[in-house]
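Reviewing the structure listed below.
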Amino acid sequence: MDLSVAQGLLICLLILVPLLYEWSPTFKFFCKMAFFYSWILALAVLAIPICAVRGRNVENMKVLQFMLLHIKYLYGIKIDVKGWENFPLKEPYVVVSNHQSSVDLLGMMEVLPSRCVPIAKRELMYAGTAGLACWLAGVIFINRKKTDDAISVMSETAQTMLKEDVRVWVFPEGTRNHDGSMLPFKRGAFHLAVQARVPIIPVVMSSYKDFYNIKENKFTTGTCVVRILPRIDTKGLTPDDVADLADHTRQTMLSTFLQLSSTPCPASGEHAGHTPCSAERETHDVQ
Ligand SMILES: CCCCCC/C=C\CCCCCCCCCC(=O)SCCNC(=O)CCNC(=O)[C@H](O)C(C)(C)COP(=O)(O)OP(=O)(O)OC[C@H]1O[C@@H](n2cnc3c(N)ncnc32)[C@H](O)[C@@H]1OP(=O)(O)O
Ligand SMILES: CCCCCCCC/C=C\CCCCCCCC(=O)OC[C@@H](O)COP(=O)(O)O
């Protein structure tokens, strides 16, 4: 290509891209998401050799946490954490949290306790450098398509938690949920807590609707409130109690989520397990 044509094209791009970025919310959203994932992949390149020195080790999660903490500043997202005192200082526990989007990574890194590893879908292990960094940091991968395999990994995890003093972070909805509510909870996290006889610490991240909406291609600056709720003990519970434990935890988290997000009452029956939100607001007194 003629040099002057190439220069002309480059100049056009340099002018057009910023203009498009300002004018088209869709383009802006796409750029912000693309940068989010690319930046994480690039940071992982730095993290891998540092983590590799220790080998696969939960202490490496501190390296990832430290390297990811600044991303909220790049995106102008303020994270307001309340309830730090509810994280027990010493013992292992299972953290359960709502899952709206990959942006949850920011809130998660803000409050991730020491020696705490997330349970993630197996596909994440193959996400290039990010997958390798996660593996080195001890992220527990489960195959969601093979329930028996997932259950046996979680049973092994119960042993590991006690033997190696590890905490586990689970998204009990089992998938991302963009609709401003919470899906019914899967039971793995609750079986895990009952098997290991450790408490559950619910963590609720407020709705991103004011600054992030995948359907509307919206990604602006904003504030997310992260609320760490009081522990829910599981001592003396048996597998027969797991369903009630999961329902109780979900009700507590959902009512907190609605309060934090000031979500208007969803139409009844939007998801199985919902109670009218006005009733929830009355019955749950957020700490
Ligand atoms: C610096 C650079 C850094 C670079 C990269 C860094 C990037 C990030 C840093 C790390 C951060 C990573 C963040 C990763 C987040 C990823 C989030 C996710 O991937 S979410 C998706 C994966 N997680 C989950 O799915 C967890 C929740 N799922 C469950 O708990 C499920 O129950 C299950 C997966 C165990 C099984 O699901 P399913 O097949 O759908 O079946 P169910 O209906 O739920 O259960 C079937 C019956 O089995 C019973 N059950 C479940 N678990 C157990 C168990 N452990 N023991 C015994 N029985 C169990 C369950 O009760 C059901 O029986 P029932 O009779 O119906 O009650
Ligand atoms: C050479 C291969 C290149 C692969 C490029 C992959 C790009 C990925 C880049 C970075 C990974 C960042 C990790 C962010 C973690 C976000 C966790 C997340 O949100 O997982 C989704 C999972 O909870 C539920 O998945 P689904 O909603 O069921 O789906």
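The values are calculated or read from the model by the stated rules, or taken from the named source; none is laboratory data. Every value quoted in this text rests on a predicted model; they were computed, and no experiment measured them. With ideal geometry, Cβ positions are generated from the backbone for all residues, glycine too; neighbour counts draw on all protein chains shown.
Looking across the stretch 140-179, the residues that are within 12 Å of ligand 2 (Cβ to nearest atom) and closer than 19 Å to Pro199 by Cα come down to Trp169, Val170, Phe171, Pro172, Glu173.
Yes/no per residue for (1) of a type in the set (D, E, K, R); (2) assigned to a loop (DSSP other than H, G, I, E, B); (3) in contact with a Leu (Cβ under 9 Å, 6 or more places away or on another chain); (4) over 24 Å from Tyr212 (Cα atoms):
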residue	(1), (2), (3), (4)
Val5	no, no, no, yes
Leu10	no, no, no, yes
Thr26	no, no, no, no
Met67	no, no, yes, no
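From the list Val45, Val58, Val53, the lone residue that is of a type in the set (Val, Ile, Thr) and in contact with a strand residue (DSSP E or B) (Cβ under 8 Å, 6 or more places away or on another chain) is Val58. The residues listed here are Ala120, Ala158; of these, the one that is more than 17 Å from the chain's Cα centre (by Cα), free of Cβ contacts under 8 Å to residues at least 40 places away in the same chain and buried (at least 16 other Cβ atoms within 10 Å of the Cβ) is Ala158.
When residues in the stretch 69-98 are screened for being hydrophobic (A, V, I, L, M, F, W, C) and within 18 Å of Gly222 (Cα to Cα), 6 of them pass.
Of the candidates Val203, Val198, the single residue that is within 14 Å of Leu106 (Cα to Cα), buried (at least 17 other Cβ atoms within 10 Å of the Cβ) and touching a helix residue (DSSP H, G or I) at 6+ places or on another chain (Cβ under 7 Å) is Val203. On inspection, Met108 qualifies as in a helix (DSSP H, G or I) and closer than 30 Å to Ser255 by Cα.
Checked against (1) surrounded by 12 or more Cβ atoms within 10 Å (Cβ to Cβ); (2) within 30 Å of Phe190 (Cα to Cα); (3) away from ligand 2 (no atom under 16 Å from the Cβ), Ser97 meets all criteria but (3).
Conditions (1) more than 30 Å from Lys163 (Cα to Cα); (2) in contact with a Lys or Arg (Cβ under 7 Å, 6 or more places away or on another chain), marked per residue:
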residue: Arg197; (1), (2): no, yes
residue: Ser207; (1), (2): yes, no
residue: Glu216; (1), (2): yes, no
residue: Thr238; (1), (2): no, no
residue: Leu245; (1), (2): no, no
residue: Phe257; (1), (2): yes, no
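Total residues in the stretch 58-90 satisfying the condition of being at pLDDT 95 or above and exposed (fewer than 14 other Cβ atoms within 10 Å of the Cβ): the figure is 10.
Hey, among Phe30, Phe36, which residue is within 16 Å of ligand 2 (Cβ to nearest atom), touching a residue at least 24 places away in the same chain (Cβ under 8 Å), in contact with a helix residue (DSSP H, G or I) (Cβ under 8 Å, 6 or more places away or on another chain) and closer than 30 Å to Trp169 by Cβ? Step by step, each of Phe30, Phe36 is checked, and only Phe36 is within 16 Å of ligand 2 (Cβ to nearest atom), touching a residue at least 24 places away in the same chain (Cβ under 8 Å), in contact with a helix residue (DSSP H, G or I) (Cβ under 8 Å, 6 or more places away or on another chain) and closer than 30 Å to Trp169 by Cβ. For the structure I just gave you, tell me whether Asp80 is charged (D, E, K, R), touching a strand residue (DSSP E or B) at 6+ places or on another chain (Cβ under 6 Å) and outside any loop (DSSP other than H, G, I, E, B). Spelling it out, Asp80 is indeed charged (D, E, K, R), touching a strand residue (DSSP E or B) at 6+ places or on another chain (Cβ under 6 Å) and outside any loop (DSSP other than H, G, I, E, B). Number of residues in the stretch 42-57 that are of a type in the set (Gly, Ala, Ser) and surrounded by fewer than 18 Cβ atoms within 10 Å (Cβ to Cβ) equals 3. Applying the selection to the stretch 91-148, what residues are among the aliphatic types (A, V, I, L, M), in contact with a Leu (Cβ under 7 Å, 6 or more places away or on another chain) and either within 8 Å of ligand 1 (Cβ to nearest atom) or over 20 Å from Val166 (Cα atoms) (or both)? Selection gives Leu105, Met109, Ala130, Ala133, Ala137. Of all the listed residues (Lys186, Lys146), the sole one being over 17 Å from Asp104 (Cα atoms) and without any contact (Cβ under 8 Å) to a residue 12 or more places away in the chain is Lys146.
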